[in-house]
Every structure is written in structure tokens, then in C-alpha cells.
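Participant: Structure in C-alpha cells, see below.
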Amino acid sequence: MKQIAIIGPTASGKSDLAIEMALKHNAYILSIDSLSIYKEIDIASAKPPHEDLQKVKHYGINTLPLNEHFDVAIFIKLYNEVKMQAQDDGKNLIIVGGTSFYLKSLVSGLSQLPTYSQKSLLKAKEMLLDLEAAHHYLKALDPSYMAEIKPTDAYRIEKMLLLALESGMSPTSWFKKHPPKAVIEDLSIFNIDVERPLLRERIIKRTKTMMETGLIDEVTFLEHKYGRNHNAMKAIGIIEVLGYLDGDLTYDEMVEEIIIHTAQLAKRQQTFNRTQFGSITSTTLELLPSEIDLAFGNVKI
């Protein structure tokens, strides 16, 4: 079985390219997108249309309800399941999406964590009632590690608190003793390189399409069903619409903020993709198919 990954900034054409290559090279697709994993977030996540999802078997799309937590550890579990399924079915695998941190975790791996006792779980729950105090406790224990974690980051504070309570070690000491192991070692990574003016044009076009196809109605439905407290409700495209619904933004201001924030995200994605992977093939959308053909050994003369 051959595995490749296609990455690139938002609105760069990753999904269409992945489907084209999957059809050509007998592959399943695994999405690495922190929004597409959720059911009912269709427009805000810019999921491929239903007819495209039917062309190729997709994993990691429409998997969880919005009120369920999703993180990199769950993604790695999903990857291992999809890999086994692809092997059993005689398929190749194409990993594609904009949340390249998940891909980085596949390549670099995650450190093993201890199994938490009921005592540690109850103690952490009690300490987390005062999130600021819990952060202060961890910062006194491990100043360098906690410098990267904000006092409001409840999820990461809980993880580090459980680790410290169960192991009796600081996070730095634990991770030094339990270094990460790569989940996947032989992976060809292809990055879509897009010039910024062209990318901004595509972002503007995508944003207008999202508005025309009912983004406001989708966000209104999601808020009514799930409320605003879930991480997904703070995503670009959703948070701006909520601002519009609250009367804090005019319609035009909402659209402009979605465009600006999406462009800022794309810039961060480009920087991450350029700096976090040791060896990648980076070229334009038009030239990548022939590079991917070579990776699959499909050389046409």
C-alpha cells in the first residue's frame, strides 16, 4: 500500500486534487480538517459536495457530532483504523487537508501517556474548578513548558494536570523520559504552492459562495442546536456570523472579516507547511499531479 499526503493553504484546491488522484491511483481519502470531521458543519468547513464524496471513499468527514471532542490523539487512532481498512481492501491512501498539525503528529508521533486512576481524575476535576489556580500550580511545577499554555486553555491544562498528578513528574520530565515515536515513517508529502494574490482571489470567491449557499442559516441552526461553547463554534466563518447575528457587525463587515481571517489562516498554514516538514514536494496545483504520479510509480512515457 502506498500512502501520500496533500497539504496546502485553505482554498488552494486540495480536495479536488485528492479526489482526482484517488480515482486515478485506487486510493481512499483521509481528511485532516478540524471542522470537516463534524456532521452538520458543511458550508463553514467547505466540505467537498455530496456528489464528490460519493466518488471516492472518504474518512474523517461527517464523523462526529459537534458537541463531541476531537483532538490529535483521536485522529491518530482514526488514521490507524483507516490504514488497516485500506490494506484489507487493497487500496492506497491519500491524506489531505489544512490542519497540518495532525499530519505533523503522524510523522513525528506522540508521547505515550499514563493510564489515569480514579483518584487522579477526581483530584484534577476538583482543581480545575479554579482554572487560573490550576495553571499557576502547573507553572510553578514546570515554568518552561507551561509558558506555552495560556491560563484560559482548559483542555491543555487538564491534560498536563492529569499527567502531573498521575506520574508525579513535570510534563518536561515525562516527555523527556517518553519521547514520541513516529506513527508513519514512509510518507511522500505534496504541498500546493499558491501565490498570495491568487490565493486571496480564491478566498474571496469561496467566501461569497459560502454566503450564497446559506452560511448564515447554517450557523443559526448550529447555535440553536449546540450553543456557542464548543471549540468548533469559534472557527473562522462561524464566529464572524455570530458577530453579525449579535448586531456587532454589518453584513459587509462580516464578509470582509471572514476574508481577512481566512487569509491570515492561509498565511499561517503556508508558514507551518514550509517549516515543519523535513522533505516535501512543493509546486503549483497544475504541476503536482505529475509529481504524485511519480510517487505512485505511474510514469507515462
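Read-outs throughout are calculated quantities, based only on the coordinates presented, and are distinct from any laboratory measurement. The model shown is predicted, which means the values in this text are computed figures rather than measured ones. A quick note on method: Cβ atoms are made from the backbone with ideal geometry, for glycine too, and the neighbour counts reach across all protein chains shown.
Participant: From the square roots a ≥ b ≥ c of the eigenvalues of the alpha-carbon gyration tensor of the range 228-301, which class results: rounded (a/c under 1.5), prolate (a/b over b/c), or oblate?
Facilitator: Prolate is the answer for the range 228-301, as a/c is 1.5 or above and a/b outweighs b/c.
Participant: Return the FRET efficiency for the residue pair residue 234, residue 205: r is the Cβ-Cβ distance, R0 is 22 Å, and the value is rounded to the nearest 0.05.
Facilitator: FRET efficiency, residue 234 to residue 205: 0.35.
Participant: For a test of the definition: using alpha carbon positions, the gyration tensor, and the 1.5 limit on a/c, classify the chain as rounded, prolate or oblate.
Facilitator: In terms of gyration-tensor shape, oblate.
Participant: If you don't mind, another one. Which of 236, 198, 171 sits closest to the plus end of the dipole of the range 168-301, meaning its Cα is farthest towards the positive end, when Lys and Arg get +1 and Asp and Glu get -1 on the C-beta?
Facilitator: Highest projection toward the positive end goes to 171.
Participant: Distance between the C-alpha centers of the range 245-260 and the range 86-134? Whole Å please.
Facilitator: Taking the Cα centre of each part, the range 245-260 and the range 86-134 sit 34 Å apart.
Participant: Evaluate the distance, in nm, between pseudo-label points positioned 7 Å from the Cα of residue 281 and of residue 26 along their respective Cα→Cβ axes.
Facilitator: 1.9
Participant: Separate question: Give the residue list of GluC sites (Glu not before Pro) in the range 50-81 that are DSSP loop and have at most 13 other beta-carbon atoms within 10 angstrom.
Facilitator: Passing both the DSSP loop test and the Cβ count: 68.
Participant: What is the range 118-177 by shape, rounded, prolate or oblate, if you read a ≥ b ≥ c off the alpha carbon gyration tensor as root eigenvalues and call it rounded for a/c under 1.5, prolate for a/b larger than b/c, and oblate otherwise?
Facilitator: oblate
Participant: Still on this model: Using DSSP to define loop residues, name the GluC sites (Glu not before Pro) in the range 246-286 whose beta-carbon has at most 12 other beta-carbon atoms within 10 Å.
Facilitator: 286
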